[in-house]
1. Can you sort 19, 129 from fewest to most other Cβ atoms within 10 Å of each residue's own Cβ?
2. What are the ³J(HN,Hα) values, in whole Hz, obtained from phi via the Karplus relation 6.51 cos²θ - 1.76 cosθ + 1.60 with θ = phi - 60°, for each residue of region 100-108 in sequence order, with x given for Gly and Pro?
3. With 10 angstrom as the radius, rank 2, 28 by how many other C-beta atoms surround their C-beta, starting from the fewest.
4. Assuming a ≥ b ≥ c are the square roots of the Cα gyration tensor eigenvalues, decide whether region 49-196 counts as rounded (a/c under 1.5), prolate (otherwise, with a/b larger than b/c) or oblate.
5. Could you pull out every residue, at least 5 positions away or on a different chain, whose amide H is within less than 5 Å of the one on residue 137? Hs are placed 1.01 Å off N in the peptide plane, and Pro or chain starts have none.
6. Rounded to the nearest 20 debye, what is the charge dipole size of region 49-196 about its Cα centre when +1 sits on each Lys and Arg Cβ and -1 on each Asp and Glu Cβ?
7. Need the full-extension length gain, residue 152 to residue 13, defined as separation in residues times 0.36 nm minus the C-alpha distance. One decimal, nm.
8. Tell me, which longest segment in the chain has none of the trypsin sites (Lys or Arg not before Pro) that fall in DSSP loops with at most 11 further Cβ atoms within 10 Å?
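Read the figures in this text as sums done on the coordinates, not as results from a lab. It should be emphasised that the depicted structure is a prediction, and the values quoted were computed from it without experimental measurement. Don't worry about glycine lacking a Cβ; one is built from the backbone with ideal geometry, like all the others, and counts go over all protein chains shown.
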Amino acid sequence: MTIKDTPEEWQITASETPFVGNKTSVRTDQVVMPDGSVVGRDYQVHPGSVAVLALDDQDRVLLIRQYRHPVRQKLWEIPAGLLDIPGENPLHAAERELYEEAHVKAADWRVLTDVYTTPGGCDESVRIFLARDLSEAEGERFAVEDEEADMEQARVPVDELVRGVLAGDLHNNCLVVGVLSLVAARQGDGLEALRPALASWPARPFEA
């Protein structure tokens with residue numbers, strides 16, 4: 001048996017969108033179950049996101065620290081952002097987020113992993129990139145606002161982040177998945193075997 005996620009779509013008899021927000025919305029679908037019953041399923045409709053695990057030549061990961069109101073915490077995270085434009089090239093979006101949040105650019109990009117953050121209640125898919133060969137971006141820094149105006153930045157060794165994740169000190173989804181995926185890739189076929197930066201992404205199709 002091949003262990004691989006596969007596309008499937010159960011019949012929907014009705015659908016409505018009771019809430020529409022600035023970036024996301026909530027949809028209610030009436031879904032036909034295998035036994036023929038119809039059950040309502042509420043979920044957040046999300047445009048998708050990208051995240052960047054930026055690794056420097058001292059084996060440190062670039063982190064930002066940002067207030068996240070829903071969980072009432074300041075979380076250490078890797079740079080990330082929404083795919084604001086339908087069909088947007090995720091690599092271009094990742095390059096933009098790394099520049100805007102850290103004023104850094106990278107010469108080497110790979111796809112580290114793709115994840116659904118909370119598939120039981122949200123259709124958000126995130127592509128996490130590995131970015132290497134870092135350097136300071138040119139020009140003026142991007143003007144930040146709202147929560148980002150209070151953002152801190154640090155570069156932390158990979159081993160220290162792994163310990164923090166396993167100790168329960170670090171909770172951001174993309175940071176946890178990204179760091180552990182990096183370690184797994186190194187122990188497996190190596191970083192050069194990772195997918196290219198423009199690898200297809202069925203969850204969020206795009207034009208290269």
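1. Details: 19 12, 129 28.
Lowest count first: 19, 129.
2. 5, 8, 10, 6, 10, 10, 9, 9, 10
3. 2, 28
4. The shape class here is rounded.
5. Sorted by chain and number, the residues that satisfy this are 104, 105.
6. Details: 15 positive and 29 negative charges, 107 e Å.
Dipole size: approximately 520 debye.
7. Length gained between residue 152 and residue 13: 45.3 nm.
8. Between exposed loop sites, the widest span is 73-140.
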